[in-house]
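Since the structure comes first, as structure tokens, the remarks are kept for the end.
The values are calculated or read from the model by the stated rules, or taken from the named source; none is laboratory data. Since we're looking at a predicted model, the values are computed, not measured. Here Cβ is always computed from backbone atoms with ideal geometry, including for glycine, and neighbour counts include all displayed protein chains. Calculation scope for accessible area: heavy atoms of the full protein, side chains included, ligands and nucleic acids excluded. Shrake-Rupley method; radii C 1.70, N 1.55, O 1.52, S 1.80 Å.
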Amino acid sequence: QVTLVESGGGLVQAGGSLRLSCAASGRTITTASMGWFRQAPGKEREFVAAINRDGIITVYADSVRGRFTISRDNAKNTMYLQMNILKPEDTAVYYCASDYGPWSPPRQAHEYDYWGQGTQVTVSS
């Protein structure tokens, strides 16, 4: 069992930046692929980005590619999402997740084993 806790969300103006963190405890994430998802009110949870176990491979949703950067620090058991040039449509609850299965790359929520409770990101126009 691993516990994931997101932090770093908040209110930001369009064009601004936020850095989200996902701290893991109870189990190392060194053997896990990690991902970020987001969910806006009335919409389904959507894929944002994923990163493989050693951080060499990253994948992004088309909507965030070039603006968001996923990274990880396995020594700190932490994953990050740097979000730049934020847009109002980025407003959502952002969730981190871990996948202890083989690398796919995992773009579907059902591929992940554990989830955090989310952190709210609100982008004003």
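How do the peptides 74-83, 10-19 rank, highest first, by the average count of neighbouring beta carbon atoms within 10 Å per residue? Mind dumping the intermediate values first?
Numbers: 74-83: 18.9, 10-19: 13.8.
With the highest mean Cβ count within 10 Å placed first, the list reads 74-83, 10-19.
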Under Karplus coefficients 6.51, -1.76 and 1.60, residue-wise ³J(HN,Hα) of the range 62-68 in Hz, glycine/proline x
4, 5, 10, 4, x, 10, 9
Taking H placed 1.01 Å from N in the peptide plane, check which residues at least 5 places from Arg72 or on another chain put their amide H under 5 Å from its amide H.
Tyr80
Protein accessible area in the range 1-96, 1.4 Å probe - carbon and sulfur %
51 percent
Along the Cα-to-Cβ line of Tyr100, 7 Å from the Cα, sits a label point; which residues in the range 23-44 have backbone N less than 13 Å from it?
25-33
Accessible area per residue, Å², the range 1-59 with all protein chains present, probe 1.4 Å:
49 Å²
Rg over Rh [alpha-carbon atoms, Kirkwood Rh] for the chain
0.94
Between His110 and Asp54, what FRET efficiency follows from the Cβ-Cβ distance if R0 is 35 Å, with the result rounded to 0.05?
0.90
